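In what follows, a single structure is set out as structure tokens and then discussed.
The numbers here are math on the coordinates, done by the rules we state, and not lab data. What you are looking at is a predicted structure, and each value in this text was computed from that prediction instead of being measured. Glycine also receives a Cβ, built like all others from the backbone with ideal geometry; neighbour counts cover every protein chain displayed.
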Amino acid sequence: MTLLATAQKITTYKIWNTIPNTLNVNIGKEISELNDFGQLQRVSNVSEPTLEVFLPKGIYDNPSAAVLICPGGGYSHLAIDKEGYNLAKWFNSIGIAAMVLKYRLPNQGMADKKIGPLQDAQHAIRFIRSNAKNWNVDPEKVGVMGFSAGGHLAASLSTMYDKSTYKNELSSLSARPDFSILIYPVISMEDSFTHKGSQENLLGKKASKSLKRSFSSNSLVDAQTPPTFLVHATDDKAVVVDNSLLYYRALKENDVSVEMHIYKDGGHGFGMGNTTANKQWPRTLKSWLKASGVLQSTKVYLFSYFKSNGEDGLHYAYSLDGFTWKALKGDTSFLTPHVGKEKLMRDPCIIKGGDDKYHMVWTCGWSEKGIGYASSTDLIHWSDQQYIPVMQHEENARNSWAPEITYDQKAKTYMIYWATTIKGAYPETQSSEDNSYNHRIYYTTTKDFKTFSKTALLYEPGFNVIDASILYDNGQYVMFLKDETRVPAAKNIRIAYSEKLTGPYSEASAPITGDYWAEGPTSLKIDSTRLVYFDKYIDKQYGGVQSTDLKNWNDISNMLVFPKGMRHGSVLELSSQEFLKNFKPFISSN
């Protein structure tokens, strides 16, 4: 190992003591091409492989992940700035170490030119792992990234990491990447979909069909191939999108986790993006790295919800930014309801209590005088389900809908609250519409979910009200609620405030939602921004608004992505460690 240069935390190393697979042939000097500002743009005629190591700035207690970056260039040159250094700096900005590989390009100085680049990539991964302690890198989180022909090299490394191509002091270390990131990659070397320049430069102009197939990564995928993130543009004329599609299908067939993003346009060689749409892929990659456990995020958001009528039970979706939500477990149920006459699980509300347990309540039927309850330590395994008869004492109670829980930290007490219609109550707001329902919000308190206080009225705003959700924010309790008035139609979300959890609450604010019907509000605070999600049930989609002061609200519905058919639920904030510990097996691979 020879140290060449150091610039701040960027260090360049020769990775070989003795370069294998070389002939005593003079191929000339390496060629560097600079831009008008004197910055290196591309290199060619590479015969001395190097690794430029970019370490994240700052002091990190925990070892970071690392990415080996293979620039593209058709195996004739390396676009080392756009597809190397730029990405290395970006990885550093999110706390990941990056190593740009200047690999040998097939030339007459190699005894076997088709394996030269693979030898360098295999050795580079081993070289990184051998220096993991010095660079504060986690040796079990070393991935590979490649663009175009560099994507072929990265895919080759991902599928031929155990191919014996050389022997030296590091060859006993694993060369398997822990994850792969392939950006408009060359995957196939077969004539139908290959990039001809890459094919001929690597394998020669007279390569046999069997040789071409043996270097087609889609043909080499097995169950041990690393999880993969793919990006491509549909209008790529140089490396057709079929390459990514072939690899995606092969990974799926072998049950390997894969996520793919295909953009309408962008052509080839767009690097970190050249259109509004495809410029989003680095942000999406960051989310994938977080979800995969590569990038340690401090927070993951978990949405509990139901589908259809709630007969199949509890569903979960997760998000890393509060905007894009992905279903867990293939959008199938985590818990089947067993209590109540109808045995439904609608409107699930989950909170974490003062006992470090998760507590959930839900609507268990349309005409029940009680609600469902269960607890869990991990959100996966739940206690026996309990029926809490919150309105059993009231002969004229028609229902107990949309229950929620809020924990009072000072009193160490849980307040459960819900909406009920009592026949004959509040005739001044009675309507024959909506099956004559005329709700108010009621509550009970408990410390142990075994004994409960007497049910009492929590909120009577002077209109039909349902779907209350209460949180503590900036020294006060904030209640988001639905104005259920049918004539004239309101069907919107409003806010009320109180100094105490049990009230009294203020008059309801003006609506914070738009010209659509909304229900089931639940809220999340990200930094200084409060997000409120709700079910736009007539439109059969979820929506949201956001505010930094609880007074001025912006509709963000068109920025949100939710699982199809998702209905009213609640949102939790988890640490990434807890999320991955409990839910990693349930993260979808597509």
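Shape of region 11-292 from its Cα gyration tensor (a ≥ b ≥ c, root eigenvalues): rounded if a/c is under 1.5, otherwise prolate when a/b > b/c, or oblate? In terms of gyration-tensor shape, rounded.
Using the average count of surrounding beta-carbon atoms within 10 Å as a protection proxy, the listed peptides 309-318, 408-417 rank, highest first, as 309-318, 408-417.
If R₀ is 41 angstrom, what is the calculated FRET efficiency for the pair Glu311 and Ser93, using the beta carbon separation as r and rounding to 0.05?
On the way: r = 46 Å, r/R0 = 1.13.
Taking R0 as 41 Å, the efficiency between Glu311 and Ser93 is 0.30.
A Förster radius of 45 Å combined with the Cβ-Cβ distance from Gln541 to His393 puts the calculated FRET efficiency at roughly 0.70.
Grab the Cα-Cα distance for Gln108 and Ala489, subtract it from 0.36 nm times how many residues apart they are, and report the gain in nm with one decimal. Full extension from Gln108 to Ala489 adds 129.3 nm.
The simple Förster model, with R0 at 60 Å and r as the Cβ-Cβ distance, assigns Asp162 and Asp448 a FRET efficiency of 0.60.
How much length, in nm to one decimal, is gained on full extension between Gln409 and Asn17, taken as 0.36 nm per residue of separation minus their Cα-Cα distance?
Working: separation 392, 0.36 × 392 = 141.12 nm, distance 6.25 nm.
Using 0.36 nm per residue and subtracting the Cα-Cα distance, I get 134.9 nm.
Using C-alpha pairs under 8 Å with a sequence gap of at least 6, the mean separation divided by the residue count of region 11-292 gives a relative contact order of 15 percent. Pairs with C-alpha atoms separated by more than 25 Å, drawn from the list Lys113/Lys206; Lys329/Lys357; Lys482/Lys584; Lys329/Lys352; Lys299/Lys540; Lys290/Lys412, are Lys482/Lys584; Lys299/Lys540; Lys290/Lys412.
Evaluating 6.51 cos²θ - 1.76 cosθ + 1.60 at θ = phi - 60° for every residue in region 527-543, the Karplus couplings come out as 6, 9, 9, 9, 9, 10, 9, 7, 8, 8, 5, 5, 7, 6, 7, 8, x Hz, glycine and proline recorded as x. Could you give the size of the charge dipole of region 11-292 about its Cα centre, using +1 on the Cβ of each K and R and -1 on the Cβ of each D and E, expressed in debye and rounded to the nearest 20? Here region 11-292 has a charge dipole of around 200 debye.
Here Cα extents along the principal axes in Å was calculated from the structure, and among [x] 94, 64, 42; [y] 93, 56, 51; [z] 98, 47, 45 it sits at label [z]. In this rough spin-label picture, where each label sits 7 Å from Cα along the Cβ direction, the Thr336-Arg213 distance is 4.6 nm.
Each of the peptides 15-24, 361-370, 146-155, 465-474 was scored by the mean count of other Cβ atoms within 10 Å over its residues; in descending order, highest first, they stand as 146-155, 361-370, 465-474, 15-24. Annotation: peptides 130-138, 64-72, 501-509, ranked by per-residue average of other Cβ atoms within 10 Å with the highest first, follow the order 64-72, 501-509, 130-138.
Of all lysines in the structure, the ones whose alpha carbon falls short of 25 Å from that of Lys341, not counting any fewer than 8 places away in one chain, are Lys307, Lys369, Lys423, Lys450, Lys454.
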